[in-house]
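J.: I have a structure here, written as structure tokens, and I will follow up with some questions on it.
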Amino acid sequence: MNGKPQVQSFDPQLLRDYYLLTKPRVVALLLLTAWVGMLLAEPTLASLGHMGLGLAGIGLLASAAAAMNHSLESGIDTQMRRTRWRPVARGRISTRAAMIFALWLAVAGFCLLYLGVNPLTAWLTLASLFGYAIVYTLLLKKATPQNIVIGGLAGAMPPLLGWTSITGQLSAEPWLLVMIIFAWTPPHFWALAIHRRDEYANARIPMLPVTHGIEFTKTAILFYLLMLTLVCLLPYLIGMSGIIYLVGSLGLNFWFCWHGWLLKRSTSSVQAMHTFHFSIYHLMLLFGLLILDHHWLWRLS
């Protein structure tokens, strides 16, 4: 020993693990829908700086909810092939460290929204975090096969949060966007649950394919896809969007229903993953159509 203090070397893997705690791909999709809410809130483009603050605050709180989920579900994650690689499940980050990290993100996001955007958006985003991390993760996920239906409301909130970050008030239009994601969530998640049915059963999570069987779940997916198709008509029917969105959304929803129909008739779980992956592109393209249509209407007005 030379008596000199030991300097810990930088660990890029640890930095990557903390990054993975935030579920970046999920948060990116949430921020896309929040951004659409911002763009639809006013006829003209809002301040880029204001939108940036709003997206940063929403993103921080969404990342906090994801990190809390990692901490609270580490025991379940170790039992499932899809999640056993997660940093907390692998023991690379402790549950306590993950929760502290989540709380810091939550405080930073809330303060940013409250001071830099508006209090309404700050409180609504915090309520969404509570809905996902506490109501869904701790209470619903192990209690009912309708967990993803009820808990899906928290994940459907970003368009409303984006809207209120610009207007500072609640209105009917963003709730239609929330309804779209709310109806989209069960087909999206149940398709994955069909593919991972045995893993959920081993982890004793009462997902619908576990409690009611795969065939019942396939029928439920078709039902929600039909409901999604009807809900997606509402923005056009109230004049919130125009013909570009109407035609595009009908095409996307028909394609999604076709995937659901193939899933219903298939005896292989491979189609379940095809349906799951398509659902992600469906939501991205659907909200992209809303932006395109809004921009087109704004130029014509």
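The values are calculated or read from the model by the stated rules, or taken from the named source; none is laboratory data. Remember, it's a predicted structure, so these values are computed and weren't measured experimentally. Cβ coordinates were reconstructed from backbone atoms using ideal geometry, including for glycine residues, and neighbour counts include every protein chain displayed.
J.: Output the number of residues of the stretch 113-123 satisfying the condition of being buried (at least 19 other Cβ atoms within 10 Å of the Cβ) and part of a helix (DSSP H, G or I).
T.: Summing the residues that are buried (at least 19 other Cβ atoms within 10 Å of the Cβ) and part of a helix (DSSP H, G or I) in the stretch 113-123 gives 3.
J.: Right, here's the next one. Residues to consider are Ala28, Ala98; find the one that is within 19 Å of the chain's Cα centre (by Cα) and either of a type outside the set (Val, Ile, Thr) or under 25 Å from Met240 (Cα atoms) (or both).
T.: Ala28
J.: Show the residue pairs that are 6+ apart or on different chains and have beta-carbon atoms under 8 Å apart, the first residue being within the stretch 178-189 and within 20 Å of Glu215 (Cα to Cα), the second being outside any helix (DSSP H, G or I) and modelled with pLDDT under 95.
T.: As it stands, the answer is Thr185/Ala156, since those pairs meet every condition given.
J.: Something else about it: Out of all the residues in the stretch 145-189, which are crowded, with 24+ Cβ neighbours inside 10 Å, among the aliphatic types (A, V, I, L, M) and not assigned by TED's automatic domain parsing to the domain that holds Leu208?
T.: Met157, Leu160, Leu161
J.: Being buried (at least 21 other Cβ atoms within 10 Å of the Cβ) and more than 19 Å from Thr167 (Cα to Cα) is true for just one of Arg86, Arg96, Arg81, Arg92. Which residue is that?
T.: Going through Arg86, Arg96, Arg81, Arg92 in turn, just one is buried (at least 21 other Cβ atoms within 10 Å of the Cβ) and more than 19 Å from Thr167 (Cα to Cα): Arg86.
J.: Here is a further query. Which one of these is farther than 30 Å from Ser74 by Cα and out of contact with any Leu (no Cβ under 9 Å at 6 or more places or on another chain): Gly242, Gly251, Gly213?
T.: Gly251
J.: Return a yes/no flag: does the stretch 212-219 have any residue that is assigned to a helix (DSSP H, G or I) and surrounded by 21 or more Cβ atoms within 10 Å (Cβ to Cβ).
T.: Within the stretch 212-219, one or more residues are assigned to a helix (DSSP H, G or I) and surrounded by 21 or more Cβ atoms within 10 Å (Cβ to Cβ).
J.: How many residues does the stretch 257-272 contain that are surrounded by fewer than 21 Cβ atoms within 10 Å (Cβ to Cβ) and within 17 Å of Thr185 (Cβ to Cβ)?
T.: Number satisfying all stated conditions: 1.
J.: Also, I was wondering about something else. With outside the structural domain of Gln79 (by TED's automatic domain parsing), over 30 Å from Leu39 (Cα atoms) and either within 23 Å of the chain's Cα centre (by Cα) or hydrophobic (A, V, I, L, M, F, W, C) (or both) as the only criterion, which of Leu262, Leu233 stands out?
T.: Matching residue, one of Leu262, Leu233: Leu262.
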